[in-house]
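Throughout, read-outs are computed from the coordinates displayed, never taken from laboratory work. From a predicted model like this one, the values you see are computed outputs, not experimental measurements. All Cβ positions, glycine included, derive from the backbone under ideal geometry; neighbour counts span all protein chains shown.
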Amino acid sequence: MWNLPKPGADMAEILFIAPLPELAELAKEWSAQGMSARGQAGIDVQVARMEDGVRLALAAEKQGYQVLVSRGVTSWMIRKAQVSLPLVDVLIGGFDILKAYVQAKELGSTIGIADVDEIIQEVDSFEAIMGERFVKYIVSDQHEDILKGIVFLKQAGVDVVIGKVAMANEARKLGMHGVVISSGREAVARALAEASRVLDVRKQEKRRTEQLKAILDFTYDGVIALDEKGRISVFNPVVEKLSGWPAEKAIGRFVSEVLPKSHCQALLQTGNPEIGEIMEIGGAKVVANRIPIKVDNRVEGVVTTFQPIDRLQRLEHKVRRTLADRGHLAKHHFDDILGQSEPIKDVIRLAREYAMVDSTVLLHGKTGTGKELFAQAIHNVSPRKKRPFVAINCAALPENLLESELFGYVEGAFTGARKGGKAGVFEMAHGGTLFLDEVGEMTPSLQARLLRVLEEGEIMRLGDNSILPVDVRLVAATHRDLQKMIADGSFREDLFYRLNVLSLVIPPLVVRGADILLIARHFLAEFSLKMQRKVGGLSPEAQQVMLGYPWPGNIRELRNAMERLVMLTWERTITAEDMKKAMLLADTVSGSEKSSRESAQNRGDAADLHNELESVEIRLIKKTLEACDGNKTEAARRLGISRTTLWRKLQE
């Protein structure tokens, strides 16, 4: 019984099984002097031949050695025993053969050799150099073949046999001289250096294997790998759980037997990757990516990764809810901004240009024109689109709360402060975009703090004395006339110029012409679907009511009106009266007064509607001309009509 120590942190991992004591001494000498001097792995050396060497190799495998080294027939027998450890041979070189030849010439004139093919080839080269001829016999790793070879040499008149220990011993038994081809220091050194290299490679492969195993075992993705025949080679715990098959039973089987509905093997024929495919694993629907493994343009296997659909849905819901709750998600894009009029197209074109730079943008626009929609769209095409988008309404909070929301606070900064403190929106938007809506509602003291942040790129939390750098692209919005506020002292002039680097005026609905109808139809479709109610089309009279109304609440008011309209009407054409009710223009009193008023209205409905629309249209045209300083071309553009139409209406 071989009693080998189990390698530990400081112990050797290479075992040299030496068939001869002198070979063992060379190995020990080189291990002590050569390998330790180079900082390489040490070795254990044991003397054992043939069957004893095999038993030693098997014991070494169980004790945890990593690499074996041996020589000659002993190496052959270890390989034949299928020991799983890598085995390095001490090879015989030309110098070793030369030494054996010199000894053999002193014992006889006819020299023979029986050995494996590799050694016979070395002898062929030696013959060519020395002009000497050997009687040669190529043997396999079978002991019977060795004996057969020695008999052949005896019959050929050989006096001296050179070879390994087994061959020399057999020659002596048959009355011939035997000379062992011994391995010199150089051969041992080469073998041990190769063993050290194999050990390093083995350790690297082991590390990679363990890393891959950890990834496969702890990833949330299911992973299946197939060989070129469609047999399973990797089957990780996620697949085990879904399929009900343990990995030890699944590996080695054809995937069609284990997972008949997965169709993983199809890629072995097509070689085409399949991304985002729906497949079934153990009754569960999963989203799978199937990738062929190609070697020299040949498909040698398939790897399939997947996640259960219900898990993906839960994760998506969680991410969306988290981002939406924190205001970190910009949902809208420029494609969401409806309109074909020149005013809105001009603003969108300019906003796209502004999005490509990092300067501050100030959005001017009346209530309900869609300023935040533009802010989100700008962010979503900017270089910061993959970073946070944080929005805050400055008019929605009192001064003290707004200050803490903007800049954050540390624990104990004020009564009721959250334990651990809280990050402000500037910190939350770091690297992304911060949208300050209704910036004109800020108090002068907050305006001063905001100006400093914009100038320095730094913030200080409430109750703290440390400075935090922030990288934020600011988009601000207001419906107020900030220049008028500067004149009356309620808004800082220096902050205005810091905000108004890039200016964007969002046009009110009243100057967008037929866009009103386009947007109205969009909202009608949205609410019809949401409420599951069908509504008819807009009558010409209803359209005229909408086009003639100034829409002071802009798109927000229009949206509310369309929501009411869906509730008021049912599968019939929308009349002017329907529209006026939805727009809260119709009289809504009840009782006899309402009846008499409705009766009077019915009698003169056409005339009243015409007069009302005409009056609104006149006021709108006059107001637009005043805003354009009498420039009819610009007024026509804002009204969404041609210059000819404007001229005709002015003539009328």
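Rounded to the nearest 20 Debye, what is the dipole magnitude of the chain about its Cα centre when Lys and Arg each give +1 and Asp and Glu each give -1 at the C-beta?
Dipole magnitude for the chain comes out near 1100 debye.
From zero up to wherever the largest Cα-Cα distance of the chain sits, split into 20 Å bins and tell me the percent of pairs in each.
P(r) for the chain, in whole percents per bin: 13, 24, 23, 16, 13, 9, 2, 0.
For segment 103-158, just say rounded, prolate or oblate: build the C-alpha gyration tensor, square-root its eigenvalues into a ≥ b ≥ c, call rounded for a/c under 1.5, and beyond that prolate if a/b exceeds b/c, oblate if not.
Verdict is oblate for segment 103-158.
Quick one: which of Lys241/Lys261; Lys213/Lys241; Lys345/Lys530; Lys105/Lys154; Lys581/Lys649; Lys484/Lys623 span more than 22 angstrom between C-alpha atoms?
Lys345/Lys530; Lys581/Lys649
If you project the alpha carbons of segment 84-178 onto the principal axes, what extent comes out on each, in Å, largest first?
44, 30, 17
What number comes out for the charge environment of Gln265, summing +1 per Lys or Arg and -1 per Asp or Glu over other residues with Cβ under 10 Å away?
It works out to a net charge of +3.
From the P(r) of segment 319-411, can you give the percent of Cα pairs sitting at distances over 15 Å?
67 percent
State the extension gain, in nm to one decimal, for the chain segment bounded by Asn500 and Glu526, taking 0.36 nm per residue of separation less the distance between their alpha-carbons.
So the extension gain works out to 5.8 nm.
Apply the Kirkwood formula to segment 134-195: the hydrodynamic radius equals the inverse of the mean of 1/r over all pairs of different alpha-carbon atoms; give it in Å with one decimal.
That comes to 12.6 Å for segment 134-195.
Compute, for segment 37-109, the length of the dipole vector about the Cα centre, with Cβ point charges of +1 (Lys, Arg) and -1 (Asp, Glu) only. Units Debye, rounded to 20.
Roughly 60 debye for segment 37-109.
Assuming 0.890 mPa s and 25 °C, estimate D for segment 219-311 with Stokes-Einstein, Rh taken as the Kirkwood radius over Cα pairs, in µm²/s.
In µm²/s, the coefficient is 190.
With N set to the number of residues, divide the alpha-carbon radius of gyration of segment 257-413 by 2.2 N^0.38 Å and report two decimals.
Cα Rg divided by the expected 2.2 N^0.38 Å: 1.62.
When DSSP assigns beta bridges and you keep just the ones with both residues in the chain, what percent turn out antiparallel, to the nearest 5?
Looking only at bridges with both residues in the chain, the antiparallel portion is about 40 percent.
Compute the distance in nm between two label points, each set 7 Å from the Cα along the Cα-to-Cβ direction, one at Gln103 and one at Gln211.
According to this spin-label approximation, the distance is 4.9 nm.
Tell me the net charge near Glu571. Cut-off is 10 Å between Cβ atoms, Glu571 excluded, with +1 for each Lys or Arg and -1 for each Asp or Glu.
Neighbour charge sum, excluding Glu571 itself: +3.
Take the Cα pairs of segment 327-507, get the Kirkwood Rh, then feed it into Stokes-Einstein at 10 °C and 1.306 mPa s and tell me D in µm²/s.
Rounded to a whole number, D works out at 95 µm²/s.
Which net charge results for the neighbourhood of Gly553, defined as the other residues with beta-carbon distances under 10 angstrom from its beta-carbon, given Lys and Arg at +1 and Asp and Glu at -1?
Residues close to Gly553 contribute a combined charge of +2.
Which FRET efficiency value, to the nearest 0.05, do you get for Ala32 and Asn289 by plugging their Cβ-Cβ distance into 1/(1 + (r/R0)^6) with R0 = 60 Å?
0.65
Which value, to two decimals, describes the C-alpha radius of gyration of segment 449-564 once divided by 2.2 N^0.38 Å?
Working it through for segment 449-564, the quotient is 1.62.
Which of Phe523, Val179, Met460 sits farthest toward the positive end of the charge dipole of the chain, with +1 on the Cβ of Lys and Arg and -1 on the Cβ of Asp and Glu?
Of the candidates, Phe523 comes out farthest on the positive side.
Suppose we keep just the alpha-carbon trace of segment 507-582; what are its Rg and Dmax in angstrom?
Taking only Cα atoms of segment 507-582, I get Rg and Dmax of 11.3, 33 Å.
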